[in-house]
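The values are calculated or read from the model by the stated rules, or taken from the named source; none is laboratory data. Keep in mind that this is a model prediction, so the values were computed, not measured. Ideal geometry is used to build each Cβ from the backbone, glycine not excepted, and the neighbour counts take in all protein chains shown. For the accessible areas, the whole protein counts, side chains as well, though only heavy atoms, and no ligand, DNA or RNA atoms are used. Shrake-Rupley method; radii C 1.70, N 1.55, O 1.52, S 1.80 Å.
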Amino acid sequence: MGPNDVELVRVFTRRPKSSIADVTFEASGEIEIVLEAECGSTLLGLGGKYQAEIIVRDITANNNIPFKAAGPTKGSFMDANWPQEDQKFQYHVEPAALKGRAGHLCQVYAYLLVGLRNFDADFETSDLFLIEP
């Protein structure tokens with residue numbers, strides 16, 4: 001990656017408080033989603049605006065799963081939320097959001113917008129994951 005570039009590295013699911021990715025979750029459990037991004041040194045130093053967002057999609061039910069961001073997902077590079085070249089954003093899916101989704105196949109879609117208009121954009125998708133029957 002060049003000094004003027006920014007990109008999403010990956011988005012993945014895991015069990016809360018785990019450090020490794022996982023693709024199967026209990027319908028009575030929780031899911032943590034991690035979005036990893038990188039910003040080049042020049043772009044970081046200029047303090048440009050960014051916004052990171054996700055959509056958690058239940059492919060089986062053809063609808064979205066609600067979630068909560070674990071912290072701010074927009075601001076300016078070099079602020080407290082993106083202070084260095086690599087950054088992780090975390091999101092949380094609570095048990096209530098998984099109720100009735102046993103046996104459903106799901107996926108996370110993520111995007112990153114940089115700038116004020118005429119955005120530089122990047123997109124990533126997670127591996128498919130299953131809410132266990």
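General observations
- In terms of accessible area, using a 1.4 Å probe and ignoring ligands and nucleic acids, Glu7, Glu36 rank largest first as Glu7, Glu36.
- Stretching the chain fully between Phe123 and Glu26 yields a gain of 32.2 nm (0.36 nm per residue, less the alpha carbon separation).
- Residues of the range 12-53 with amide N under 13 Å of the 7 Å Cα→Cβ point at Leu116: 48-50
- Straight-distance crosslink candidates among lysines, where the alpha carbon sits under 23 Å from Lys49 and sequence neighbours closer than 8 are dropped: Lys68, Lys74, Lys88
- Comparing Ile54, Ile65, Ile20 in a Gaussian network model of the chain where C-alpha atoms under 10 Å apart are linked, the largest mean-square fluctuation is found at Ile20.
- In terms of its C-alpha gyration tensor, the chain comes out prolate, because a/c is 1.5 or above and the ratio a/b outweighs b/c.
- Over the chain, Cα pairs under 8 Å with separation of 6+ residues give a relative contact order of 33 percent.
- Share of carbon and sulfur in the accessible heavy-atom surface of the range 25-92 [1.4 Å probe, %]: 48
- By accessible area with a 1.4 Å probe, ligands and nucleic acids excluded, highest first: order of Arg10, Arg101, Arg117: Arg117, Arg10, Arg101
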